[in-house]
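Trainee: Shown below is the structure under consideration.
Rule-based calculations on the coordinates, nothing more; no lab input. Remember, predicted model here, so these are calculated numbers, not experimental data. Every residue, glycine as well, gets a Cβ built from its backbone with ideal geometry; the counts of neighbours run over all protein chains shown.
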2 protein chains.
Amino acid sequence: MTLPDLLERLRAGDQRAVARLISWVEDGDRDQLREAAEALNPAAGRAQVIGLTGSPGVGKSTLAGALVAAYRAKGLTVGVLAVDPSSPFTGGALLGDRVRMQRHALDEGVYIRSMATRGHLGGLAWATPQAVRVLDAAGCDVVLVETVGVGQAEVEVAGLADTTLVALAPGFGDAVQVAKAGILEVADVFVVNKADRDGAEVVARDLRQMLHLGAATPWQVPVLLTVAERGDGVAQLVEAIAAHRAHLASSGELERRRRHRAAREIEEVALASLRTELGELGHGEALDTLAEQVAAGKLGPYSAADQLLAGVRDASG
Amino acid sequence: MTLPDLLERLRAGDQRAVARLISWVEDGDRDQLREAAEALNPAAGRAQVIGLTGSPGVGKSTLAGALVAAYRAKGLTVGVLAVDPSSPFTGGALLGDRVRMQRHALDEGVYIRSMATRGHLGGLAWATPQAVRVLDAAGCDVVLVETVGVGQAEVEVAGLADTTLVALAPGFGDAVQVAKAGILEVADVFVVNKADRDGAEVVARDLRQMLHLGAATPWQVPVLLTVAERGDGVAQLVEAIAAHRAHLASSGELERRRRHRAAREIEEVALASLRTELGELGHGEALDTLAEQVAAGKLGPYSAADQLLAGVRDASG
């Protein structure tokens, strides 16, 4: 099936077209990714994109499931992208999260997809922004992007999302570790999940204290307690997300974030294209030869980079 | 003090020159970083670089301290780089880890330095490879690079190190989560720290099982138990690191890793230089205008990247 066919079916609300288009952007070559991004962009920009991240074990997938249920109860359609690091041991993303989301699998208003992070250097799959575009263009009211990890993943999911939720749980990192991992500044909403366990209140209190230490900001980051497994606190979480969205819209921050996101994507695409050119020079021989000299201490890395770039410029000039 | 002066003092074994040179590569502008990298590279390449990573809370700093003590007891000099994500709440890396290393602070054979990860997109500080070079050129026998985080940080520290240790502890992630985070494939040695706690044996057994599921490799990744706080298992860990190093040397893998590391650094330097050029075009106005059009759905991200690159090529052609 050609891309224009798929796009037509997508607009007609065909769920299989969503699946095929995401595979297209996930497995496609550079030209296919380009074709899809260019075609999808005009149709996207309507969905509310929510990022959900936190350490392994805090119950992100259960929380995602609870949010899906809450949005479905409001009559909204939801797309979920679970971005898992790939592992050669499984040949792709593990399926655990998908299995836990199974109860939504037969709901036409929910689309759930796991993605591997293979390929892209930055941790989040290179294809993720395009997959968000697919779900957005397909008419999803909410797109939830769930990532595993502490640190860089948060920063990246924040780059993709309008609102970034950072989930913790008692026993899985405290406030100081959140600060150390550089997460405080990317969270729009903190969720302390598994709040029926000992220590949840302490985690929440410490987070609030840590947030108070920072400079005052127009948006006061809330710290909410949930027990996602039985839905406790999820309504309040949905309200906090809505309040943040309203803040973004009224402050002009939504437009600013989206322009910033577009700028980063343009840069990434441009750099990827340059990276490919660097790699293609003499079938990579130029880089191999330079690397050998640098490793042997015969050439500095900057001089080597200059030589590599001179090659790219000659080739394109 | 000029760079040549600092380099001369470095070669003479002056600890203050180490501190100044690391500040130079951490705070320096592009030209200073270039100058330092070029000057240090010929003098580096002798140290054994060990990466140590794992989730917050597993006791990485205590483990690092125990390794320092073990190497010092063998008469080796050790440099430690603790790479912490920066936080605007602290104005830099938190000092906790440094404090815990205090007992080595007066030892002339140990150099300890915390680094922030500010600036560099990839999670590890952009300056980290240069800081490793400083310690290497200063004559450290062992350079230990300690990073916080799960996921991307492991992959990056593996790129820097000859041998990568991944630390876990009971209650801080199990084997499945290690697989999900994509860590299995970067670990040369697994360390289950806090092994006096319940569940340590289970973590170790599951890791071993998970490792057996993978394809057979020339190096069998060991899973060791330690109680770093009281030094238990540290001698065995030092032995395992030495065994891995011997394997690297005899298999030719050491040279391969170092060439690969050099190739990645050359690429990073070249891309950073291109990224700067992209940003400088019309003082960033070109990118801003393009981003606005992409965010508004009027232009695709790939077309925007093409326009940006055309500007770079015109400027350099």
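Trainee: How much FRET efficiency would the formula 1/(1 + (r/R0)^6) give for A:A243 and A:D206, where r is the Cβ-Cβ distance and R0 is 35 Å, rounded to 0.05?
Mentor: Result of the calculation: an efficiency of 0.95.
Trainee: Using bins 10 angstrom wide from zero, how does P(r) for segment B:1-87 break down, in % of all Cα pairs?
Mentor: Going from the shortest bin to the longest, the percentages are 13, 38, 34, 14, 0.
Trainee: Give me a single rounded figure for B:29-37: the average over its residues of other chain Cβ atoms within 10 Å of their Cβ.
Mentor: 2
Trainee: Report, for B:E201, each distance to the same residue's label point in the other copies, shortest first and in nm; define the point 7 Å along Cα→Cβ.
Mentor: Those label-point separations list as 3.7 nm.
Trainee: How far, in nm to one decimal, is A:R16 from itself in the other copies if the label point is set 7 angstrom along Cα toward Cβ? Shortest first, please.
Mentor: Nearest to farthest, the other copies are at 7.6 nm.
Trainee: If you don't mind, there's one more thing I want to ask. From other protein chains only, count the Cβ atoms within 10 Å of every residue's Cβ in B:253-266, then give the mean.
Mentor: 6
Trainee: Tell me, A:R205, A:R261 in order of fewest to most beta-carbon neighbours within 10 Å?
Mentor: With the sparsest Cβ surroundings first, the list reads A:R205, A:R261.
Trainee: Average partner chain C-beta neighbours within 10 Å, per residue of B:269-278?
Mentor: Averaged over the peptide's residues, the number is 6.
Trainee: Here is a follow-up. Can you compute the modelled spin-label distance between B:D31 and B:A73, with each label point 7 Å from Cα toward Cβ, in nm?
Mentor: 5.0
Trainee: Once the label point is placed 7 Å from Cα along Cβ, list for B:P42 the distances to the corresponding points in the other copies, in nm, shortest first.
Mentor: 5.9
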